[in-house]
1. Check Trp69: other-chain or 5+ apart residues with amide H under 5 Å from its amide H, H built from backbone geometry?
2. Carbon and sulfur: what percent of segment 24-74's accessible surface (1.4 Å probe)?
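The values are calculated or read from the model by the stated rules, or taken from the named source; none is laboratory data. Quick caveat: nothing in here was measured; it's all calculated off a predicted structure. Heavy atoms of the whole protein, side chains included, go into the accessibility calculation; ligands, DNA and RNA do not. Shrake-Rupley method; radii C 1.70, N 1.55, O 1.52, S 1.80 Å.
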Amino acid sequence: MRNRKDGFDAFLEAFIKEAIESNGCYCGGGGNEDKLDVVVELGRRLDDPAARLKRITAWLDAQPDVKNWKVGEEFDVWHGDFQDIDDEIEQQDSV
């Protein structure tokens, strides 16, 4: 949450460019005035997502107009484990 309601578009643009894209991440969501609500795709486990998240939260901490922020629980957008994905690919290949 931001401590001001003006300049949201500039804040959002800076967040995406400086915190998200500069760390090789993607995000989706939205917000208005003093609130931003996004889901951040941090990449594969091999890409050290914890370090990426740490850099993103450090960016938020450095912003004078950010009053507070919250990180939710990590989740996998595949909605299953990678073994299920491999099994599905093998099934498609055999058809």
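1. Residues meeting the amide H criterion: none.
2. Result for segment 24-74: 50 percent of the exposed heavy-atom area is carbon or sulfur.
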